[in-house]
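Please treat every number below as a calculation from the coordinates, not as lab data. Source: prediction; values computed, not measured. Neighbour counts are summed over all protein chains in view; Cβ atoms, including those assigned to glycine, are modelled from backbone coordinates with ideal geometry.
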Amino acid sequence: VAEAPCPALVTVGRSDTGPCLVNLEAMGSLAVLGEPTACDDLLRALALELATSFWADQFDLVLVGFGQELSRFERVRVVPDAAVLVSELEHRGRDGRALLHTAGYQSFSEARMVAESDTWDALVVLCGPSVGPSEARELVDQAGDAETGLAVVVCGDTDGSRHTLTLGGTGTSSPLDLLGTVVWPQRVESSELKGLGGL
């Protein structure tokens, strides 16, 4: 399978003109704000789409505090809390920047287009609402730039996140700063995700 230019491309919802997709790797970090259940539903929808993506063999997906039902998918890891993950991401960032410097690339995404190797695979971290604000901030800090192929999505108001998506009480969301349009968020309820295990 050829390397995908944007393996972490995912649907956040629909607008009047059709589906709205974002490249999580290029975003670096995204905070989802609003009513907790709506945020939780959107996180589950992102997790399900990424775990079952055609390009799922070209990135790793880590779910923090939710999504045990998806652990059976290849390259999906579920961790109960963020503490150990923060240290892991610090090492990834440091080692990744050293690799980029040595190889002469600007980013993991650029390297993937030139050198087909799983060395440059992206890592997407989705944090459920149970992740506390301080831990969420620490994870977001690790995704300060998009060069090392790391994307972190958190629930709640987290300082330092490069992008924000606010879910309104009407079932719509406010504009993502790079979409400039109203988005009706994609949602998967907890009961629907549990049903996946039964399949």
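To test your reading of the geometry: what angle, between 0 and 90 degrees and rounded to tens, separates the Cα axis of helix 133-142 from the longest principal axis of the chain?
30
Of all trypsin sites (Lys or Arg not before Pro) in the stretch 57-143, which ones are in loop regions per DSSP and have a Cβ with at most 13 other Cβ atoms within 10 Å? All intermediate terms of the calculation are to be shown ahead of the outcome.
On the way: sites: 72, 75, 77, 92, 94, 97, 112, 137; in loops: 72, 75.
Sparse-neighbourhood loop trypsin sites (Lys or Arg not before Pro): 72.
Per q in 0.11, 0.13 1/Å, what log10 I(q)/I(0) does a Debye calculation on the alpha-carbon atoms of the chain return?
-0.47, -0.66
Give me the percent of DSSP beta bridges within the chain that run antiparallel, rounded to the nearest 5.
Given both bridge residues lie in the chain, the antiparallel proportion sits at roughly 30 percent.
Mind ranking 82-91, 53-62 by how tightly packed they are, going by the mean number of other C-beta atoms within 10 angstrom, highest first? All intermediate terms of the calculation are to be shown ahead of the outcome.
On the way: 82-91: 15.1, 53-62: 18.1.
The densest-packed peptide leads the list: 53-62, 82-91.
Could you compute Rg(Cα) / (2.2 N^0.38 Å) for the stretch 79-168, with N its residue count? Provide the component values of the computation, followed by the final result.
Numbers: Rg = 14.0 Å, N = 90, 2.2 N^0.38 = 12.2 Å.
In units of the globular-protein estimate, the stretch 79-168 measures up at 1.16.
I'd like the orientation of helix 83-103 relative to the chain: the angle between its Cα long axis and the longest Cα principal axis, in ° from 0 to 90, rounded to 10.
Here the helix axis deviates by roughly 40 degrees.
Using Cα pairs under 8 angstrom and six or more residues apart, how large is the relative contact order of the chain, in percent? Write down the numbers at each step before the final one.
On the way: 401 pairs, mean separation 64.9, N = 199.
Taking the mean separation of contacting Cα pairs over the length of the chain, I get 33 percent.
May I ask you to evaluate 6.51 cos²θ - 1.76 cosθ + 1.60, the Karplus curve with θ = phi - 60°, for each residue of the stretch 30-40 and list the ³J(HN,Hα) values in order in whole Hz, giving x for glycine and proline?
9, 9, 9, 10, x, 4, x, 5, 5, 4, 4
In the neighborhood of residue 159, defined by Cβ-to-Cβ distances under 12 Å, what is the net charge if each Lys or Arg adds +1 and each Asp or Glu adds -1? Before the final figure, lay out each step's value.
On the way: positive: 137, 162; negative: 138, 141, 157.
With Lys, Arg at +1 and Asp, Glu at -1, the net is -1.
In square nanometres, what is one fourth of the surface area of the convex hull spanned by the alpha carbons of the stretch 36-94? Before the final figure, lay out the partial values.
On the way: hull surface 18.4 nm².
About 4.6 nm², averaged over all directions.
Which value, in debye to the nearest 20, gives the size of the charge dipole of the chain about its Cα centre, when Lys and Arg are +1 and Asp and Glu are -1 at the Cβ? Let's see the in-between values first.
Numbers: 13 positive and 29 negative charges, 41 e Å.
Roughly 200 debye for the chain.
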